[in-house]
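Trainee: My questions will all concern the structure given below.
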Amino acid sequence: MRFHKAESAFFVFIVVLLAAGVVTFYAYDVLQDVTAQSDPRGIDGIADLKTLLYITAVLQATALIFGIFLIYPLIRTQVKEEGKLRAMTMTLSRRSETLEQAALTDALTGMHNRRYFDDALREYIEEFRRINRPVGLMLLDLDHFKQVNDTYGHDVGDEVLRAVATCLKGVTRYHDVAARLGGEEFAVVTPNMDGERLTKFAERIRGAIANMAIQSGNARLNVTTSLGLAVWDGKETAEEFYRRADRLLYQAKSMGRNRICA
């Protein structure tokens, strides 16, 4: 079993204190012997006692320094890191239940909106930079959506957007952030997902949307989507990361739509 640094440091601390305790008890025994003696040899015993007490003081001082300058900072750092992660998780989970819900939720689809997406992307990058893990991003744009609005009207267009939102909510993981950025554009932040897994995940989403049959009155519609995918390179800002995925989305649309570019 491997111990955490804080645990190893704590064990060393305990060993030092135990050693100091043993020496102290031994010094006490010597003192008892010296007290019982009345001959000159007691002088040598007192000298030994002084040495033992000096060793005890050194060991205890070492333990004190070790605890103050090594153990406590390790424990404190660990507590701070765990506290930050807990705070981030609680903040992201609680936002939809707070007074900010209206400001962070898209009124039409009930999804997270652009403001929430921007904040979440920055927070995930901040935390995943610290633990050196990947963050994936996919941007989705519905193909020829203007034709839907022009042909069937905006009410039917709204039904399509709500159906796509429901689909995204159904296929994404609980810790992904799925958001409507505006118009017919959506986004999904996928923490802890590399390029290969992100591409497979995006293909599932593309297929799920393409296979939807949206019924609105006498109209039965099928829609497709183009996707741009990117995995954070560990150095980009959230804005640079987003722009790279957006360029790939534009590439997917220019190549014929209903496809993925990564």
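The values are calculated or read from the model by the stated rules, or taken from the named source; none is laboratory data. These numbers come from a predicted model, not from an experiment. With ideal geometry, Cβ positions are generated from the backbone for all residues, glycine too; neighbour counts draw on all protein chains shown.
Trainee: Need pairs with beta-carbon distance below 7 Å; first residue closer than 16 Å to Arg115 by Cβ and in contact (Cβ under 8 Å) with a residue 40 or more places away in the chain and within the range 167-190, second part of a helix (DSSP H, G or I) and of a type in the set (Phe, Trp, Tyr); sequence gap 6+ or separate chains.
Mentor: Partner pairs satisfying both residue conditions: Val177/Phe117; Ala179/Tyr116; Ala179/Phe117; Leu181/Phe117; Ala187/Phe117; Val189/Tyr124.
Trainee: Then there is this: Can you pull out the residues in the range 123-140 that are touching an Asp or Glu at 6+ places or on another chain (Cβ under 9 Å) and assigned to a helix (DSSP H, G or I)?
Mentor: Ile125, Arg130
Here's the yes/no breakdown for (1) in the same structural domain as Arg129 (by TED's automatic domain parsing); (2) hydroxyl-bearing (Ser, Thr, Tyr); (3) within 20 Å of Gly136 (Cα to Cα):
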{"residue": "Asp150", "(1), (2), (3)": "yes, no, no"}
{"residue": "Thr166", "(1), (2), (3)": "yes, yes, no"}
{"residue": "His175", "(1), (2), (3)": "yes, no, yes"}
{"residue": "Arg180", "(1), (2), (3)": "yes, no, yes"}
{"residue": "Pro191", "(1), (2), (3)": "yes, no, yes"}
{"residue": "Ala210", "(1), (2), (3)": "yes, no, no"}
{"residue": "Ala219", "(1), (2), (3)": "yes, no, no"}
{"residue": "Ala230", "(1), (2), (3)": "yes, no, yes"}
{"residue": "Arg257", "(1), (2), (3)": "yes, no, no"}
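Trainee: Does Arg173 meet the test of being under 23 Å from Tyr250 (Cα atoms) and either part of a strand (DSSP E or B) or not aliphatic (A, V, I, L, M) (or both)? Before you say what the answer is, go through the steps one by one.
Mentor: Details: under 23 Å from Tyr250 (Cα atoms): no; either part of a strand (DSSP E or B) or not aliphatic (A, V, I, L, M) (or both): yes.
Answer is no for this residue.
Trainee: For Arg259, are the conditions met, namely being closer than 21 Å to Val156 by Cα and surrounded by 15 or more Cβ atoms within 10 Å (Cβ to Cβ)? Break it down stepwise before answering.
Mentor: Numbers: closer than 21 Å to Val156 by Cα: no; surrounded by 15 or more Cβ atoms within 10 Å (Cβ to Cβ): yes.
No; evaluated as a whole, the condition is false for this residue.
Trainee: Moving on. For the range 191-242, which positions are surrounded by 22 or more Cβ atoms within 10 Å (Cβ to Cβ) and free of Cβ contacts under 8 Å to residues at least 40 places away in the same chain?
Mentor: Across the range 191-242, there are no qualifying residues.
Trainee: What number of residues within the range 141-153 satisfy the criterion of being touching a Leu at 6+ places or on another chain (Cβ under 8 Å) and part of a loop (DSSP other than H, G, I, E, B)?
Mentor: Here the count works out to 0.
Trainee: Further question: Consider the range 139-156. How many of its residues are surrounded by fewer than 21 Cβ atoms within 10 Å (Cβ to Cβ) and not charged (D, E, K, R)?
Mentor: Residues that pass the stated criteria total 9.
Trainee: Let me spell it out: the conditions are (1) modelled with pLDDT of 95 or more; (2) closer than 29 Å to Arg130 by Cβ, and Asp233 meets all of them except one. Which number is the exception?
Mentor: So Asp233 meets the others, but not (1).
Trainee: Turning to a different aspect of this structure: If a residue counts only when it is polar (S, T, N, Q) and touching a helix residue (DSSP H, G or I) at 6+ places or on another chain (Cβ under 7 Å), which strands (runs of 3 or more DSSP E) contained entirely in the range 197-262 have at least 2 such residues? Spell out how you get there, then give the answer.
Mentor: On the way: elements: 214-216, 219-221, 225-231.
Answer list for the range 197-262: 225-231.
Trainee: Does the range 105-116 contain at least one residue that is surrounded by 12 or more Cβ atoms within 10 Å (Cβ to Cβ) and either part of a strand (DSSP E or B) or at pLDDT 95 or above (or both)?
Mentor: Just the residues of the range 105-116 that are surrounded by 12 or more Cβ atoms within 10 Å (Cβ to Cβ), to begin with: 105-106, 108-116.
Going one step further and asking which of them are either part of a strand (DSSP E or B) or at pLDDT 95 or above (or both), we end up with 105, 112.
Yes, the range 105-116 contains at least one residue that is surrounded by 12 or more Cβ atoms within 10 Å (Cβ to Cβ) and either part of a strand (DSSP E or B) or at pLDDT 95 or above (or both).
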